[in-house]
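Here's the structure, in structure tokens; my notes come after.
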Amino acid sequence: MANKHKKSDAAANQKAAAAYMSKKTTPVQKAQPHKAAPQAEPTEENKVEAVSAGVQPAEPMPQQAAQAGPKPVRKSKSKPRAKRKKEPLKLSDLRWDRIFAVVLVFCILVAGVVALAFWLSTRFTVKTEYVPEYRGTNCSASELYEIKEEAAEQSRLAAKMKRKGDVKLFEYYAADELIIPDKGETGWLNLSNAFNNKYVLMATIVDEAGNICARSRGVPAGYTLGEIGVDYMVPYGTHKMHLVVSAYDIKTRKLVGVQYSALTVQIGTEEEMTDG
């Protein structure tokens, strides 16, 4: 019995050894992944048949969608909005504060334009014809008076006048109102050339229309031109004019500067203010 068991055990060991060696020598085959069968793309006929049968066509795979390209965007047809009817403007809707502000600004602009136009129309400018050429001829001794005031008083009288132009070059003072009793006569202008000046002065009287109504000869420094007459064509009455005073170098007789001041000219007395 013991020998039978030993033989059976030896036979079992040989089978086990043979099975082990067969496994060791046989190459192991790796399992290959299962490849899916390529799906055929649906044709247009298949799509039409699927739609008619009520079956939706299968969506393409991501790779197929990428190859097919982006889908065209359909424009949504939106219905046009109905236009709202414009309601009539009511007085309660108006902003009266804004309207008042606009009207106020407009009035200010109009007033500014009118004021500017008036200033330009009344602004006096010295023209070339108002400045005569000095040829060395001065007023006669009977027309001139030597100034008696001191230098400080002369400067004070000159500063008192509202002179415009080259006021820093020379000083003069004169009457701001010229009264002529009748046409063809003279009135007292008292144009004084301060004796601290180094120039000869000449006077020109110009009316509002720019007409030259009177002109004097040279007035030396330290003397006063007393009387002067105006053109006979100046009508009776009171007129607003300008006194233009030009200064010239004594030796070269060249123009040095020009000043002007307002002058009121009255032709005729108060009882005779009409042309007769």
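All of (1) at pLDDT 95 or above; (2) more than 16 Å from residue 139 (Cα to Cα) hold for residue 171 with one exception: (1).
Within segment 151-198, restricting attention to residues that are in a strand (DSSP E or B), among the hydrophobic types (A, V, I, L, M, F, W, C) and open to solvent by 50 Å² or more (accessible area, probe 1.4 Å), the residue that is nearest to residue 246 (Cα to Cα) is 188.
Hey, can you tell me all the residues within segment 208-218 that are open to solvent by 30 Å² or more (accessible area, probe 1.4 Å) and either in contact (Cβ under 8 Å) with a residue 40 or more places away in the chain or under 11 Å from residue 248 (Cβ atoms) (or both)? Of everything in segment 208-218, those that are open to solvent by 30 Å² or more (accessible area, probe 1.4 Å) and either in contact (Cβ under 8 Å) with a residue 40 or more places away in the chain or under 11 Å from residue 248 (Cβ atoms) (or both) turn out to be 212, 215, 217. For the condition modelled with pLDDT under 95, open to solvent by 10 Å² or more (accessible area, probe 1.4 Å), basic (Lys, Arg) and more than 41 Å from the chain's Cα centre (by Cα), residue 254 does not qualify. Somewhere in segment 90-99, is a residue closer than 30 Å to residue 254 by Cα and either at pLDDT 65 or above or not in a helix (DSSP H, G or I) (or both)? No - not one qualifying residue is present in segment 90-99. The number of residues in segment 140-150 being under 13 Å from residue 196 (Cβ atoms) and open to solvent by 50 Å² or more (accessible area, probe 1.4 Å) comes to 2. Residues of segment 238-251 that are hydroxyl-bearing (Ser, Thr, Tyr) and surrounded by fewer than 21 Cβ atoms within 10 Å (Cβ to Cβ): 238 alone. Do we have residue 221 as of a type outside the set (D, E, K, R), assigned to a loop (DSSP other than H, G, I, E, B) and either open to solvent by less than 70 Å² (accessible area, probe 1.4 Å) or within 18 Å of residue 134 (Cα to Cα) (or both) here? So residue 221 fits the description; yes.
The values are calculated or read from the model by the stated rules, or taken from the named source; none is laboratory data. Quick caveat, the model's predicted, so the values are computed rather than measured. Cβ sites come from the backbone with ideal geometry, for glycine too, and all protein chains shown count toward neighbours. Side chains included, ligands, DNA and RNA excluded: accessible areas come from the protein's heavy atoms. Shrake-Rupley method; radii C 1.70, N 1.55, O 1.52, S 1.80 Å.
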